[in-house]
1. Please list E210, E18 in order of solvent-accessible area, largest first, computed with a 1.4 Å probe with all protein chains present.
2. Calculate, in whole percent, how much of the Cα-Cα pair population of region 158-241 lies beyond 20 Å.
3. With a 1.4 Å probe and all protein chains kept in place, how much accessible area does T22 have, in Å² rounded to the nearest 10?
4. Do you know the relative contact order of region 198-332, to the nearest whole percent, from alpha carbon pairs under 8 angstrom that are 6+ apart?
5. Using only Cα atoms, find the angle between the long axis of helix 115-141 and the longest principal axis of the chain, and express it within 0 to 90 degrees, rounded to the nearest 10.
6. Compute a Gaussian network model of the chain, connecting alpha carbons closer than 10 Å, and tell me which residue from I214, I107, I264 fluctuates the most.
7. Could you give the dipole magnitude of region 95-215 about its Cα centre, charging the beta-carbon of Lys and Arg +1 and that of Asp and Glu -1, in debye to the nearest 20?
8. List the GluC sites (Glu not before Pro) within region 214-278 that fall in a DSSP loop (any state other than H, G, I, E or B) and whose Cβ has at most 11 other Cβ atoms within 10 Å.
Amino acid sequence: MMPSTVPLTQDVGNDYREALQTLSEGSVNRRFDPYLDIDWDSPELALDPKDPRWILSPEIDPLGATQWYRDQSVDRQIEIGKWRVANSIKVGAAFETILIRGMMQYIMKLPNGSPEFRYCLHEMTEECNHIQMFQELVNRIGVDVPGMRPAFKALSPFIGVAGGYAHVILFIGILGGEEPIDHFQKALIRDGANLPPMVLRTMEIHIAEEARHISFAGEFLKAHIAKMNPVTTQVCALAFPLAMRWLAGEIIAPPRSFAEKFDIPREVIKEAFWRSPQSRKILSGYFGDMRALADEIGLMNPVTRRLWNALGIGGDHARYRSEPDRRIRHAA
């Protein structure tokens, strides 16, 4: 039995209505435009193709943690790192298009006066800006990256549309895509801002606005799941970790063309995504906030907890939003 496709009507709780109002006001009063708030031609933001800051961090990037990568020359590490950063940005832009498709399908079924309608449109506007920002950055990095893996790219238009009719699953999927990206970017910035300045600036903007989007998805699930029957709730409880694990792989793991381009051995790719102890810690670390949310909204139980663990994304709950995973330390 799939989750109900009947949208939440005007009968929403005061807490949810107030949260939507706060988020909408934030989108009006604190927003960014990629062509106003980034001086793309500024000398301070200029990209250097030989900048050592392109080198992948062993504590943050699963490939950067492999011995194979660390054994490459500095120039080779920079070349690989630059490609990987550019491709992850391209993937992020593509994921935003799926979100917009699904959310647009959803809001067109909402009644007049729905507070969700207004905020969802604010979010989609911000996501369009993010797509522009990310593509501009990819263009300026100058690496011709493909973005998503081919199968997921082919399915993405249908995933977005289908999500508009199973809206709770859609928002679980939104979190499954947004959380790994958000966690990865925050970890990079915490790592001493060891990034080329143009990349750093785009990530700062994305993180600032993505905080609202992730907050909304969490509030949305709280409000909608509370109205579901036990069977439908259990379907969502099982879908939650499955979506997290699937989308983490699609977003973080590179396409096959990456290994072919840089002649990366198959066993190295397998080690990095996700067989080594370090890479498994990185994967699990993406979802501390989501484990806490699943527990809060009644989707974490003995059965689903075992599923989280079996998928390699179990672990401690975050004590607060965006708590760093201090367990992730690379053993040299």
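1. Values: E210 0, E18 115 Å².
So, going from the largest accessible area down, we get E18, E210.
2. Numbers: 1554 of 3486 pairs.
Result: 45 percent of Cα pairs exceed 20 Å.
3. 90 Å²
4. On the way: 85 pairs, mean separation 38.7, N = 135.
Taking the mean separation of contacting Cα pairs over the length of region 198-332, I get 29 percent.
5. The angle comes out at about 10 degrees.
6. Maximum fluctuation in the GNM of the chain, among the listed residues, is at I264.
7. 220 debye
8. Details: sites: E219, E250, E260, E267, E271; in loops: none.
For GluC sites (Glu not before Pro) across region 214-278 that sit outside H, G, I, E and B with at most 11 neighbouring Cβ atoms in 10 Å, the list is empty.
The values are calculated or read from the model by the stated rules, or taken from the named source; none is laboratory data. These numbers were taken from a predicted model, which means no experiment stands behind them. Backbone-built Cβ (ideal geometry, glycine too); neighbour counts: all protein chains shown. For the accessible areas, the whole protein counts, side chains as well, though only heavy atoms, and no ligand, DNA or RNA atoms are used. Shrake-Rupley method; radii C 1.70, N 1.55, O 1.52, S 1.80 Å.
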